[in-house]
């Protein structure tokens, strides 16, 4: 598995557009392939666009995305997952927010396709699509509150 770690970084105005309608480009700022691991610590991702899925981040099969103290806002997808699109992958969120993102179809904030997600002290709000968080396939979602 490929491991990547970004800390104290801003990703702004990324674009993912392709020439084909049958396979539109995804991952406006971050495109993760299969079996990859990415940790974002104190990262800001905003104003990114994707023609397809994952306006800010698109996560491929068998991958893990960990976001800590991270803000993902103002991103848009032409299909699903305005903020984040996960396909057969795992996401962990700690003290982060996914807000004011949009998708033309489903998952304005997050689209989970046969994926698992856990969130502690995190906010998902103000996202626009048919559904703000969209879940399909066999999915596990755990939203926890840390009272310490």
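The values are calculated or read from the model by the stated rules, or taken from the named source; none is laboratory data. Quick caveat: nothing in here was measured; it's all calculated off a predicted structure. Here Cβ is always computed from backbone atoms with ideal geometry, including for glycine, and neighbour counts include all displayed protein chains.
Kindly evaluate residue 105 against the criterion of being in a loop (DSSP other than H, G, I, E, B) and either in contact (Cβ under 8 Å) with a residue 24 or more places away in the chain or buried (at least 22 other Cβ atoms within 10 Å of the Cβ) (or both).
Working: in a loop (DSSP other than H, G, I, E, B): yes; either in contact (Cβ under 8 Å) with a residue 24 or more places away in the chain or buried (at least 22 other Cβ atoms within 10 Å of the Cβ) (or both): yes.
Against the criterion (in a loop (DSSP other than H, G, I, E, B) and either in contact (Cβ under 8 Å) with a residue 24 or more places away in the chain or buried (at least 22 other Cβ atoms within 10 Å of the Cβ) (or both)), residue 105 qualifies.
Is at least one residue of the range 98-115 farther than 21 Å from residue 26 by Cβ and either at pLDDT 95 or above or in contact with a strand residue (DSSP E or B) (Cβ under 7 Å, 6 or more places away or on another chain) (or both)?
No, the range 98-115 contains no residue that is farther than 21 Å from residue 26 by Cβ and either at pLDDT 95 or above or in contact with a strand residue (DSSP E or B) (Cβ under 7 Å, 6 or more places away or on another chain) (or both).
Which condition number does residue 19 fail, the rest of (1) without any contact (Cβ under 8 Å) to a residue 12 or more places away in the chain; (2) not in a loop (DSSP other than H, G, I, E, B) being met?
Evaluating residue 19 over (1) without any contact (Cβ under 8 Å) to a residue 12 or more places away in the chain; (2) not in a loop (DSSP other than H, G, I, E, B) leaves (2) as the failure.
Scan the range 119-148 for residues that are part of a strand (DSSP E or B) and either modelled with pLDDT under 70 or buried (at least 16 other Cβ atoms within 10 Å of the Cβ) (or both) and jot them down.
Quick first cut of the range 119-148, residues part of a strand (DSSP E or B) only: 119-120, 123-125, 128, 133-136, 140-144.
Result: 119, 124, 133, 134, 135, 140, 141, 142, 143, 144.
I'd like the full set of residues that are outside any loop (DSSP other than H, G, I, E, B) and closer than 18 Å to residue 15 by Cβ, limited to the range 26-42. Full working, then the answer.
Keep residues of the range 26-42 that are outside any loop (DSSP other than H, G, I, E, B), which gives 30-32, 36-42.
30, 31, 32 - these are the residues of the range 26-42 that are outside any loop (DSSP other than H, G, I, E, B) and closer than 18 Å to residue 15 by Cβ.
Looking only at the range 1-16, how many residues end up being buried (at least 20 other Cβ atoms within 10 Å of the Cβ) and not in a loop (DSSP other than H, G, I, E, B)?
In the first step, residues of the range 1-16 are kept if they are buried (at least 20 other Cβ atoms within 10 Å of the Cβ); the result is 11, 14, 16.
Right, trim to not in a loop (DSSP other than H, G, I, E, B) and you get 11, 16.
Going through the range 1-16 one residue at a time, the tally reaches 2.
Quick check: is even one residue across the range 17-24 in contact with a strand residue (DSSP E or B) (Cβ under 9 Å, 6 or more places away or on another chain) and at pLDDT below 95? Lay out the reasoning, then the answer.
Narrowing the range 17-24 to residues in contact with a strand residue (DSSP E or B) (Cβ under 9 Å, 6 or more places away or on another chain): 17, 24.
Next, only the ones that are at pLDDT below 95 stay: 17, 24.
So far as the range 17-24 goes, yes, one or more of its residues are in contact with a strand residue (DSSP E or B) (Cβ under 9 Å, 6 or more places away or on another chain) and at pLDDT below 95.
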